[in-house]
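Peer 1: Sharing a structure here in structure tokens format.
The values are calculated or read from the model by the stated rules, or taken from the named source; none is laboratory data. Here the structure is a predicted model, which is why all the values come from computation and not from measurement. Positions of Cβ are backbone-derived with ideal geometry, glycine not excepted, and every protein chain shown enters the neighbour counts.
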Amino acid sequence: MSDSKQQNAGLDSRLLKRIVSYLMPYKGWVALAFVTVMTAAYLGPLIPKLVQVTIDREIVGGDMEGLQRMIGILFAVLAAEGLLSFVNAYLTQWIGQQAIFDLRTKVYRHVQRQSLRFFDTRPIGQLITRVTSDVESLSQVLSAGVVTILGDLFKLIFIAWFMFSLNWELALVTISVMPIMIYATFWFKRKVRDAYRDTRKQVARLNSFLQEHVTGMRIVQLFGREEEEMKRFDGINDDHRQAHIKTIFYFALFWPMVDIVASAALGLVIWYGGISAMVGGVTVGVLIAFIQYARRFFEPIRNLSDQFNTLQSAMAGAERIFGLLDTDMAIPEAEKTEEWKQVQGRIEFRNVWFSYNPETDPEDLDAEWILRDVSFEVNPGESLAIVGATGAGKTTIINLLLRFYEIQNGAILVDGIDITTLPISTLREHIGLVLQDVFLFSGTVKDNVTLRNPDIEDQAIREAADAINAAPFIERLPEGYGQDVRERGMTLSHGQRQLISFLRALVYDPRILVLDEATSSVDTETEEVIQKALETLMAGRTSIAIAHRLSTVQHATQILVMHRGQVRERGSHQELIASDGLYRRLYELQYAEQEAA
Amino acid sequence: MHSLWRLNAYYWRYKHLFIPGLICAVASAVFSIIVPMVVRQAIDSIPRFVTTYRAFEGTPVESYVYADAFVSLMIFGAIILALSLGSGLFSFLMRQTIVVASRHIEFDLRNRLYDQLQDLSHDFYLQHATGDLITRSTSDIEHVRRYIGPAIMYTTRAIVVIITAVSVMFWISPTLTWFTLIPMPFLAISVFFVARMVHTRSDELQKQYSSLTSRVQEALSGIRVLKAYAREENEAEAFDEESSQYRHRSLRLAMVEAAWRPVFVTLVGASTLIVVWVGGSLVMTGEITIGNIAEYIIYVALMTWPVAAMGFVITMIQRAAASMTRLNEIFDAVPSIQSATDHMLLEAGLSHEIEGRITFKGVGFTHPNSGVRALDAVDVDVPSGSTLAIVGRTGSGKTTMVEMIPRLLDVEDGSLEIDGKDIREWPLETVRGSIGYVPQDVFLFSDTVANNISFGRMEAEIEDVRQAASEADLLANVDDFKEGFETFVGERGITLSGGQKQRASIARALIRQPSILILDDALSAVDVNTERTILGHLREHFGKRTIVIVSHRISAVQDADQIIVLEEGRIIERGSHEELVDLGGFYASLHHKQQLEQEVEDFV
């Protein structure tokens, strides 16, 4: 028990160190923040002290000039305190935001460089949370955190110091209510934290009920469940209300409590201070100073207990973020990379075995292999069409060629070079990928074509658009190439999105083209445009296509028929039709209709 | 501001809380305002004690004087404590009534909102995004609540404190009061502006946060494209840009927030210094006492919060008014599909039972959003107990057609009759009560499997649930779950496969033993064998139940009494399976294709 506790504490301090390490680049600014926070912490409590001096010396002494001089000094101190606490508050936020920026971009880059295997096993929502709200939860610690805690501590010390220097007996009497205050504050924080946990739970329950029922409202209505669901909502809404009313109780108790304790301190000052004044030693000015100190004393205590809580909640976020940063599933770059000098576009798969489980033993024949001993060659400028039923392993071939995944056995070569020895970016630069479900980003048509690569000239885009006959539709858009396609290109038709993805491949001008053709039928007019565009796109390039169009298979130099991860048949269209195997059936299923049309 | 008037009824409803609450607010303020007067009395009494004490110093009376001072000062201290106990008690009661009442009103508002949401028809949901409706029922209501509770509480307290304190101060010394009050308007104004700037800037920050989030969302969803085109570096830079925008906005907000406390402290401090300055001069001329200075210092401290609160309250009211306007939009919406009243039905002399005959007479429909003609002159008569199958491409109008039967949509042209009576003359409850509907997009609630199935019939026993599950071929699966029918579906529990969800959705419809069963492409996620089993179970009820089935699979529709093929909202083919195969049209080619598919599937 105590063992695990100790371990936890150890872990926490390690975590905290790691969090604080993000402040290191700004240590000069952090030092400045310390200086400002200390100075402000000193200047604040200095004011009651100066007021005391003014009352006792100038006012009681009737020195009008002195009074004005003192007031001048007081205003200067007040202004300086205000200015310094502003500078400090902004500076700590500034430091925090710099560190948050560094951390956020680091987490994002880390996520982005992971292999697809990483993305296959993690919901995107979870990754987004890491980059956004988990990082955000550290912002309080990184900005205000340490500096503010020290600032409040020193404020307490300075106030105590001024009080003791004025009159130590009266100081002790005033501070005697402190334990009650500290106890009340921590009691309140604990109660409120528990109560807030409950309210958050109820808010979440309420939100998910609403979310679910607004989304599924038609089901509620269809099944005539309005009355029953209203009753359930009433119950949840009531729990929500009760949870809040409970927190109201604690707040209703806490605020008057603070007031009462402060008044108790005030009462003690009046009583004890008054008597001391009578016997001598305490002046009216000192009394007035103590009245003010008694009020000022409690604010830093409340702040400190707040900081304590944010620190705790930040730990949870930090743990998740660092957990993510410590997992690396990125595909490693080869230590010594080859150069791919003369890009011809020859592709070879040599006895490739692949399973989505990276641990799969290459010798284990019964394992869940997605590809089993797949071999083929495509010469520069030639085209390969891959056909097969769903789940035959067609898409996997594409993914492996682009090195989205690592194979377990065999080799994949381009122009005779093993792809694992090439820098990943070099490999992908020369391969153009066109996917069947076209993914468009929000942004303009041009952004989607160039993927925001500034090296691609507008002229090149226009020429490419003319070449594949995409220009007419783009120019018809109200904003032309500058048209915003909105999220996922929802303002465009399927065929139009397809053309944009062709255009994207064309402007990047790769030697090798990898194509996953769309299955869904588009209207005949667009179909014709797409057909021609495809021909333009494939001309003069090595291409691998998961074929759904008759013309693609007919024109392919070589057809590969995949079935359950294996190459079942290969050859040209004529040869395969003649052999009356799987291809013939697939052909009739998928393409016969197109021939008729 | 007009939008907030509607809340008056709620104030009235909770008057038993508001009236005592406001009285408590006043009482609490009065108690706290007396404290400084006692302090002044105490401080001013000290010089008197000192003089008396000095006079009797060294005499036997000295100890009596000391004791007198001791007791008097203790009484002052005790009065201060007692006053703040009184103020504290009333402020406790004030929060326990007014803030609690605001939670009650929030509860009522939200219940009413949800009730209204349940009444609104399908078209309303097409026009309003889910997220937007959720925001209205959560944060908009919260804004209104803050106006109802805290805003009113602060205002009352502030008015009492400010008026009392200022009157007492004027009574003591008008000159000093004028000077002391100089910073107060600045305080209220600066709080108002700061609060407004904080709101707009945090809204901006929130917007940038969403933009950052959707950037990540998009990049990670399109990660294959980014990687394939080696654009990761570029995207990372774009993300840096978003992050730096976020940092910029955060700092803009931080600037205002950093200014807020110093401005507050400086203005309050300035008031105190003015008291010392002007008050000090007045003490010298003998117009006031030093005790008055202490009193004023406490008044300033007491007044600062109420004055600052006035600045907050104004922004609270502005926000609440905007939120209430949005809420009223929902409260005032009228459901487009209205139920016929029972009265009309009784007059027509009809029984409450629906037998299940469905007749489409020249039905046409145009989608209000896209303006697409979804259905055009559709004529079909489905005698009760028979089966109608609908096939056709995506977007041909199949779903629109079946959605009209439970009146999710109302016909535009022509008419739809149930048992020979226009559907609009039936009570909505009766129509929907006799229909088992299995929608295309499966929607299950995050609840147990049993509750999801019995959603179709609340009073169902577990035997009925098992029976329905068995008819939907789900029983074996459920029995395999560790928790059986008590297994949680969705986020908190097990994730059902697409097919299992679909079958649960079918079971939910079947448990109602409806006279009309509608399956809108409801077997798409199950394999052919399961489909066969489920259809076999349905067939047991043939003749007793009208079935409308939409499907892409020939195997699911071939046994129907009549099959129609829809194309762009029109019926292009109709007849039995054999008739349509012989016709050699769309249906026949679909049939041929699916036979071939089966062959490939079986190819070893």
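Peer 1: Of the residues in segment B:51-93, how many are more than 52 Å from the chain's Cα centre (by Cα) and in a helix (DSSP H, G or I)?
Peer 2: Residues in segment B:51-93 being more than 52 Å from the chain's Cα centre (by Cα) and in a helix (DSSP H, G or I): 21 in total.
Peer 1: Continuing with the same structure: Check off (1) of a type in the set (Phe, Trp, Tyr); (2) facing another protein chain (nearest Cβ under 7 Å); (3) buried (at least 20 other Cβ atoms within 10 Å of the Cβ); (4) in contact (Cβ under 8 Å) with a residue 12 or more places away in the chain for A:Phe223 and give me the number that stays unchecked.
Peer 2: Of the numbered conditions (1) of a type in the set (Phe, Trp, Tyr); (2) facing another protein chain (nearest Cβ under 7 Å); (3) buried (at least 20 other Cβ atoms within 10 Å of the Cβ); (4) in contact (Cβ under 8 Å) with a residue 12 or more places away in the chain, the odd one out for A:Phe223 is (4).
Peer 1: Also, quick follow-up: Here are A:Leu172, A:Leu127: which of them is modelled with pLDDT under 90, part of a helix (DSSP H, G or I) and of a type in the set (A, V, I, L, M, F, W, C)?
Peer 2: Result of the check over A:Leu172, A:Leu127: A:Leu127.
Peer 1: Does segment B:40-50 include one or more residues that are more than 37 Å from the chain's Cα centre (by Cα), among the polar types (S, T, N, Q) and within 20 Å of B:Met74 (Cβ to Cβ)?
Peer 2: Yes, segment B:40-50 has at least one match.
Peer 1: (1) crowded, with 16+ Cβ neighbours inside 10 Å; (2) without any contact (Cβ under 8 Å) to a residue 12 or more places away in the chain: which one isn't true of B:Phe56, the others all being true?
Peer 2: (1)
Peer 1: Follow-up. Test B:Arg252 against the criterion of being within 32 Å of the chain's Cα centre (by Cα) and surrounded by fewer than 20 Cβ atoms within 10 Å (Cβ to Cβ), and give yes or no.
Peer 2: yes
Peer 1: Filtering segment A:384-441 down to residues that are over 30 Å from the mean Cα position of the chain (by Cα), of a type in the set (S, T, N, Q) and closer than 26 Å to A:Arg564 by Cβ, which residue is nearest to the other protein chains (Cβ to nearest Cβ)?
Peer 2: A:Thr390
Peer 1: Take the residues in segment B:296-329 that are buried (at least 18 other Cβ atoms within 10 Å of the Cβ) and among the aromatic types (Phe, Trp, Tyr), then tell me which one is nearest to the other protein chains (Cβ to nearest Cβ).
Peer 2: Looking at residues that are buried (at least 18 other Cβ atoms within 10 Å of the Cβ) and among the aromatic types (Phe, Trp, Tyr), I get B:Tyr296.
Peer 1: So which residues in segment A:67-106 are surrounded by fewer than 21 Cβ atoms within 10 Å (Cβ to Cβ) and within 15 Å of B:Gln217 (Cα to Cα)?
Peer 2: Within segment A:67-106, just A:Thr105 meets the criteria.
Peer 1: Additional query: Restricting attention to segment B:213-255, report how many residues are in contact (Cβ under 8 Å) with a residue 40 or more places away in the chain and more than 7 Å from chain A (Cβ to nearest Cβ). Break it down stepwise before answering.
Peer 2: Looking only at segment B:213-255, we keep the residues that are in contact (Cβ under 8 Å) with a residue 40 or more places away in the chain, and these are B:246, B:249-250, B:252-253.
Next, only the ones that are more than 7 Å from chain A (Cβ to nearest Cβ) stay: B:246, B:249, B:252-253.
Counting residues in segment B:213-255 that are in contact (Cβ under 8 Å) with a residue 40 or more places away in the chain and more than 7 Å from chain A (Cβ to nearest Cβ) gives 4.
Peer 1: Moving on. Identify all residues within segment B:483-502 that are modelled with pLDDT under 85 and part of a loop (DSSP other than H, G, I, E, B); write none if there are none.
Peer 2: B:Gly490, B:Glu491, B:Arg492, B:Gly493, B:Thr495, B:Leu496, B:Ser497
Peer 1: Residues in segment A:297-320 that are surrounded by 19 or more Cβ atoms within 10 Å (Cβ to Cβ) and either within 14 Å of chain B (Cβ to nearest Cβ) or of a type in the set (Lys, Arg) (or both): how many?
Peer 2: Total meeting the criteria: 3.
Peer 1: Follow-up. Within segment A:237-262, count every residue that is in contact with a Leu (Cβ under 9 Å, 6 or more places away or on another chain) and either within 22 Å of B:Glu459 (Cβ to Cβ) or at the interface with another protein chain (Cβ under 7 Å from one of its Cβ atoms) (or both). It would help to see each step written out before you state the result.
Peer 2: So in segment A:237-262, the residues in contact with a Leu (Cβ under 9 Å, 6 or more places away or on another chain) come out as A:237, A:239-240, A:252, A:256, A:260.
Right, trim to either within 22 Å of B:Glu459 (Cβ to Cβ) or at the interface with another protein chain (Cβ under 7 Å from one of its Cβ atoms) (or both) and you get A:237, A:252, A:256, A:260.
Total meeting the criteria: 4.
Peer 1: Show the residue pairs meeting these rules: Cβ distance below 9 Å; 6+ apart or different chains; first residue within segment B:518-537 and over 27 Å from B:Leu408 (Cα atoms) and surrounded by fewer than 20 Cβ atoms within 10 Å (Cβ to Cβ); second residue of a type in the set (Lys, Arg) and modelled with pLDDT of 85 or more.
Peer 2: These pairs meet every condition: B:Thr530/B:Arg503.
Peer 1: Only one of A:Leu138, A:Leu46 is more than 9 Å from chain B (Cβ to nearest Cβ), within 14 Å of the chain's Cα centre (by Cα) and surrounded by 16 or more Cβ atoms within 10 Å (Cβ to Cβ). Can you tell me which?
Peer 2: One residue alone meets the criteria, A:Leu138.
Peer 1: While we're here: The conditions are (1) farther than 30 Å from B:Asn292 by Cβ; (2) without any contact (Cβ under 8 Å) to a residue 24 or more places away in the chain, and A:Gly317 fails exactly one of them. Which is it?
Peer 2: Every condition holds for A:Gly317 apart from (2).
Peer 1: Could I ask something else about it? I'm trying to understand the selection: among the residues of segment A:263-291, which are more than 7 Å from chain B (Cβ to nearest Cβ) and not hydrophobic (A, V, I, L, M, F, W, C)? Please lay out each step first, then the result.
Peer 2: Going through segment A:263-291, the residues more than 7 Å from chain B (Cβ to nearest Cβ) turn out to be A:265, A:269, A:272-273, A:276, A:279-283, A:285-286, A:289-290.
Within segment A:263-291, A:Tyr272, A:Gly273, A:Ser276, A:Gly280, A:Gly281, A:Thr283, A:Gly285 meet the criteria.
Peer 1: Given the criteria of a type outside the set (D, E, K, R), within 34 Å of the chain's Cα centre (by Cα) and at pLDDT 90 or above, does B:Pro383 qualify?
Peer 2: Spelling it out, it is not the case that B:Pro383 is of a type outside the set (D, E, K, R), within 34 Å of the chain's Cα centre (by Cα) and at pLDDT 90 or above.
Peer 1: Another question, then. Return the only residue of B:Thr130, B:Thr138 being under 15 Å from B:Asn328 (Cα atoms) and of a type in the set (S, T, N, Q). So that I can check it myself, show each step before the final result.
Peer 2: Values: B:Thr130 fails: under 15 Å from B:Asn328 (Cα atoms).
Of B:Thr130, B:Thr138, the one residue that is under 15 Å from B:Asn328 (Cα atoms) and of a type in the set (S, T, N, Q) is B:Thr138.
Peer 1: Another question about this same structure. Just name the residue that is farthest from B:Tyr11 (Cα to Cα) out of those in segment B:74-109 that are within 7 Å of another protein chain (Cβ to nearest Cβ) and among the aromatic types (Phe, Trp, Tyr).
Peer 2: Among those that are within 7 Å of another protein chain (Cβ to nearest Cβ) and among the aromatic types (Phe, Trp, Tyr), it is B:Phe76.
Peer 1: Within segment A:543-565, track down each residue that is farther than 14 Å from A:Val434 by Cβ and either touching a Lys or Arg at 6+ places or on another chain (Cβ under 7 Å) or outside any helix (DSSP H, G or I) (or both).
Peer 2: A:Ala556, A:Thr557, A:Gln558, A:Ile559, A:Leu560, A:Val561, A:Met562, A:His563, A:Arg564, A:Gly565
Peer 1: List the helices (runs of 4 or more DSSP H) that sit entirely inside segment B:512-604 and contain at least 3 residues that are among the acidic types (Asp, Glu) and at pLDDT below 85.
Peer 2: Output list reads B:586-602.
Peer 1: Looking at B:Gly77, B:Gly21, which one is modelled with pLDDT of 90 or more, surrounded by 19 or more Cβ atoms within 10 Å (Cβ to Cβ), over 17 Å from A:Val261 (Cα atoms) and not aliphatic (A, V, I, L, M)?
Peer 2: Among B:Gly77, B:Gly21, only B:Gly21 is modelled with pLDDT of 90 or more, surrounded by 19 or more Cβ atoms within 10 Å (Cβ to Cβ), over 17 Å from A:Val261 (Cα atoms) and not aliphatic (A, V, I, L, M).
Peer 1: A:Arg232 is checked against (1) within 8 Å of chain B (Cβ to nearest Cβ); (2) within 30 Å of B:Ala460 (Cβ to Cβ) and fails just one. What number does that condition carry?
Peer 2: (1)
Peer 1: Could you please tell me which pairs satisfy a Cβ distance under 6 Å, a separation of 6+ or placement on different chains, a first residue in segment B:274-295 that is facing another protein chain (nearest Cβ under 10 Å), and a second residue that is outside any helix (DSSP H, G or I)?
Peer 2: Note: pairs meeting the criteria are B:Leu282/B:Ile288; B:Met284/A:Gly62.
Peer 1: Still on this structure, I have one more. Quick check on segment B:399-409. Is at least one of its residues within 23 Å of B:Thr430 (Cβ to Cβ), touching a residue at least 40 places away in the same chain (Cβ under 8 Å) and touching a Ser or Thr at 6+ places or on another chain (Cβ under 7 Å)?
Peer 2: Yes, there is a match, as at least one residue in segment B:399-409 is within 23 Å of B:Thr430 (Cβ to Cβ), touching a residue at least 40 places away in the same chain (Cβ under 8 Å) and touching a Ser or Thr at 6+ places or on another chain (Cβ under 7 Å).
Peer 1: Still on this structure: Over 28 Å from B:Glu429 (Cβ atoms), at pLDDT 90 or above and among the acidic types (Asp, Glu): which single residue out of A:Asp239, A:Asp234 fits that description?
Peer 2: A:Asp239
Peer 1: Now for a different question. Here is a list of conditions, (1) more than 33 Å from the chain's Cα centre (by Cα); (2) more than 30 Å from A:Asp56 (Cβ to Cβ); (3) not aliphatic (A, V, I, L, M), and B:Phe264 meets all of them except one; can you say which number that is?
Peer 2: (2)
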